[in-house]
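Trainee: Pasting a structure below so you can have a look.
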């Protein structure tokens, strides 16, 4: 029978620990016959191995538990900031918004662009949506554009999401993940939600993987605005 | 293509007849133990023969070259290597090979009595029917006939009997007949009654030529290891008996056990059988990995059946290492070998039927 | 792993009788062992390390470690493993709440990634390397070594024969040496004797086998570091690209980052499954075909491929496999305010294979005034079995959907992830809707002006396994080398043949030919020896006069040195 998929969760890496060791030096009289020495060596090896098991087992279980709770590739969660000299150039992103308008990322050159990858089915996205909507309104006077990229959603659900959270900024529909693919060579979105902050010259200044907080994102946008 | 029901019925009939004939062959082997020509001196001579047989064969070949009297290898002790006779000096190498073969053949005829000949003949007939049964099943379902548990068991017992016949001829191991045939009758009988599955198509996942390669290799190896396991059990029984006799304690079941050769020969037979089967098993596991890679994307995913095949491989490797380590030959090695076969059985019977995984193709629901 | 050993081990293995103490007495002859036989006052760190290393690389340790490896794999096959079946692990936790955490402490739900399992196989391979490297060096060193001297009394060898010839000794030996060297023996010819040896490939095969096992381990490690495995469920008519955000399950190797994924995209144009329509195997699938269009890089040319089981799509080094399939019924949900809040396919998961009854959940978190949720089954061939609905056949001959409706709080706004296939009814209340199965086009009117759900029809979906393993090809090559080395070491016999020539009575020459085979696993040396002896006889020539009459039984000639089996 064929294997079936189960859930729409990303699983974090399993820890593959490796413990090596040769037999520790026990206190044995050297006149002990060979059989007893071999048995002793085997016993010591077994103790070392079991000890490693008892210590290592806990760590593995913990990491897996983390993986089951979140949806991200472990090691990429959190905020990554790129210094002004070391910012990768954002790719040419084109798309169609949910209302049918054509969108071009380079058209917003000169403004700070906040690109947020989301889906209406994604719980952490729903958690951060109020903050994003509020931030968009906060920065509405300044040269800051908010754009969403909607992943694996139908149009009706996406529009309903935007109504629920009163999101004023447009979102691009990306059912084939083409936009995420565009970023795979530079700073790829490593899970949903991911928020990219692109500076005025079209370079990627920061990436937040996971739920963005109002204060954190606001400080980030402000710093990118300045520099 | 639809299943050919007529051929499927024919296959069942052939296999059932084969089981019956195997049972009669088993009885004939038993009669050989009970009524056959007393081979105790032959057994003793056989032990000595192990030691000098090649020497005698060389000697016999030598005397054949020079046209001397062809003596039975049995009487190799009487063979004077320096015996030269008149004539046939120009026979050369070709005559020498014929002479050597002739000497071996004559030697082989000596201790083989009526019962063994009958039993071997019956086994051959049974094997022919058995093979025909497996073949017709394959023709009925238009594919190789080892796609489900029933077919796998019928095929592996066929391999076991064929291998046993070959080992009998090569190593003159007629004494194994009773035990091997008894096991085959039991297993095949179970296959026909308990795990019988009607002929049918394979699910898409099994439609690959790698099925042929992987399952064929596993079937072959299982059949070979089956013979080795039977030999191992016999070895342990004979060894225990020999120890009891050596210690002067009363030992039962003298009749059969005195007729079997010593533990050393059984041990060697088991070793040679496993040396034959181990590369086949290794190849089968590798072919399975290649097939898994085609079907599921990963050549090793620690599926329970894969894991147990690996465990079986490791324990047979243990056996091979044990035979090369002093203090671990003989009884301990035999126990390791039997443990490995138990792992194999566990894999075939328990894991594929009970534990869920990718390998649940037994055909039973 | 025997034979040429550091003295104490060799002493132990040569002496079989008398128990282990005799081994110690044998050691007494060795000054090195004698030093260690004195009471441990100055045994030092170096001494203990050496002792440890010797223990590690001994056969016994290899045996024990092999056995531990086998035993350690057993729980990995009997208990559910996280890597392949995390749901079963969760079920085990639920069924055995006390036992499960204890088992998890010892990594028994992740045996093959556990530190203790790694310790076993790493120790084993350390032992292996420690044994194989010196032997490889020795083998290379002895590659040019000539065979040893011929023993004085060839009759003491396990196989020997002698005859007389008229040729003078030097000539006879020269002919024998020519014959043997023609048969690709390595020959050493001296005045009175000729020694020939063959079968060096056996040791080479043995070493190749063990080194190739190491190579397999390294290849597996390579895959574990740089490879990845992923799963994705794809509904017919939709596409996806190989990015982390698009994958349902992503298991990267330790050194894989999201930017390393090969940037291909593919679209599922259509999927068809055919089933056995009659006979005893009715209902079993007989073929699966998924028609794909794919590009290997954004903007690249698009190609078509028909994906079937056992025939993966290979794109840019990545392989895409067809794992499974199912049904995704399509729904349109209108909420209380009149907006369409959901319009598309929702994949349902099959729970049994004979009828492909599939379960799923429809979550509408943005419905107003209340969030809506629906849970139920999709039946491809709907039949009524004593009042209960079931599916009689896996093909969509008479599809229908049967749902239970809920409203309230789906629990999705809190941030913790949920499975998209199951509904968490903790915050929901069931709506009083008359239960009936829906066929295409039919609707459920929710009470209290909460909305409407219309079942529009169904699509099929496939599940794909996407794997990238750079160690796959090296593992294959190493596997072939494993098999080759194994066959060589089993089939090639190391054997030696000696020929001695000496003057005999009446001016004739007595020729003695002796043969010795080390570890004759498959037998057959006797035949080879008798063939050789006969050929040598033929080449050397007959004696001048016939032999005297047989003098009676010669003694049993049996070598003192019985070659150890299974070297």
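Each value in this text was obtained by applying a stated rule to the coordinates, not by laboratory testing. Keep in mind it's a predicted model, so treat the numbers as computed, not measured. Reconstructed Cβ throughout: ideal geometry from the backbone, glycine too, with neighbour counts over all protein chains shown.
Trainee: For a test of the definition: using alpha carbon positions, the gyration tensor, and the 1.5 limit on a/c, classify segment C:228-468 as rounded, prolate or oblate. Working shown, then result.
Mentor: Values: a/c = 2.19, a/b = 1.33, b/c = 1.65.
Oblate, because a/c is 1.5 or more while a/b does not exceed b/c.
Trainee: Report the FRET efficiency, 1/(1 + (r/R0)^6), for residue A:137 and residue C:390, where r is their Cβ-Cβ distance and R0 is 60 Å, rounded to 0.05. Each step should come with its number before you reach the end.
Mentor: Numbers: r = 53 Å, r/R0 = 0.89.
Working from the Cβ atoms, E equals 0.65.
Trainee: Here's a follow-up. Explain nothing, just the number: relative contact order of chain C, from Cα pairs under 8 Å at least 6 residues apart, as a whole percent. The partial results should precede the final answer.
Mentor: Numbers: 1044 pairs, mean separation 99.5, N = 567.
Once normalised by length, the contact order is 18 percent.
Trainee: Give me the percent relative contact order of segment C:128-267, please, defined on Cα pairs under 8 angstrom at least 6 residues apart.
Mentor: Values: 118 pairs, mean separation 26.0, N = 140.
In percent, rounded to a whole number, it is 19.
Trainee: Same structure again: Rounded to the nearest 0.05, what FRET efficiency do residue B:114 and residue C:544 have when you use their Cβ-Cβ distance and R0 = 41 Å? Numbers along the way, then the final one.
Mentor: On the way: r = 49 Å, r/R0 = 1.19.
Computed FRET efficiency for residue B:114 and residue C:544: 0.25.
Trainee: Mind giving me the FRET efficiency for residue B:332 and residue C:286? R0 is 41 Å, r the Cβ-Cβ distance, nearest 0.05 is fine. Numbers along the way, then the final one.
Mentor: Numbers: r = 50 Å, r/R0 = 1.23.
Taking R0 as 41 Å, the efficiency between residue B:332 and residue C:286 is 0.20.
Trainee: Please give the Cα centre distance for segment A:157-191 versus segment C:416-489, rounded to the nearest Å.
Mentor: Distance between centres, Cα-based: 22 Å.
Trainee: Compute the long axis of helix C:44-56 from its Cα atoms, compare it with the longest principal axis of the Cα atoms of chain C, and write down the angle in degrees, 0 to 90, nearest 10.
Mentor: Once rounded, one gets 80 degrees.
Trainee: With the crude spin-label approximation of a point 7 Å out along Cα→Cβ, what separation in nm comes out for residue B:264 versus residue C:183?
Mentor: 2.6 nm
Trainee: For n ≥ 4 DSSP H runs only, could you compute -39500 (n - 2.57) per run for chain C, divide by its residues and tell me the 222 nm figure to the nearest 500?
Mentor: Numbers: 12 runs with 177 residues, N = 567.
Computed ellipticity for chain C at 222 nm equals -10000 deg cm²/dmol.
Trainee: Please give the helix C:115-141 orientation as an angle from the longest Cα principal axis of chain C, in degrees from 0 to 90, rounded to the nearest 10.
Mentor: 30 degrees
Trainee: With each pseudo-label sitting 7 Å past Cα toward Cβ, what's the residue A:215-residue C:306 distance in nm, one decimal?
Mentor: About 6.2 nm, to one decimal.
Trainee: Is the shape of segment C:45-141 best called rounded, prolate or oblate, per the rule: a/c under 1.5 gives rounded, else a/b larger than b/c gives prolate, else oblate, with a ≥ b ≥ c the square roots of the Cα gyration tensor eigenvalues? Walk me through the intermediate numbers first.
Mentor: Values: a/c = 3.92, a/b = 2.66, b/c = 1.48.
Here segment C:45-141 falls in the prolate category.
Trainee: Expressed in nm to one decimal, what extension gain is obtained for the pair residue C:404 and residue C:352 from 0.36 nm per residue of sequence separation less their Cα-Cα distance? Don't skip to the answer; put the middle values down first.
Mentor: Details: separation 52, 0.36 × 52 = 18.72 nm, distance 2.02 nm.
This chain segment gains 16.7 nm when fully extended.
Trainee: Continuing with the same structure: Tell me whether segment B:202-365 comes out rounded, prolate or oblate; compute the Cα gyration tensor, take square roots of the eigenvalues as a ≥ b ≥ c, and use a/c under 1.5 as the rounded threshold.
Mentor: Numbers: a/c = 2.83, a/b = 2.39, b/c = 1.19.
In terms of gyration-tensor shape, prolate.
Trainee: Right, next: What's the exposure ranking of B:175, C:121, going from fewest to most Cβ atoms within 10 Å? Kindly include the intermediate steps, with their values, before the conclusion.
Mentor: On the way: B:175 24, C:121 18.
Ranked by crowding around the Cβ, least crowded first: C:121, B:175.
Trainee: Related question: For chain C, find the longest principal axis of its Cα atoms and tell me its angle to the long axis of helix C:169-182, 0 to 90°, nearest 10.
Mentor: 10 degrees
Trainee: With the contact rule set at Cα under 8 Å and sequence spacing of 6 or more, what percent relative contact order holds for segment C:311-393?
Mentor: On the way: 149 pairs, mean separation 17.0, N = 83.
The normalised contact order for segment C:311-393 reaches 21 percent.
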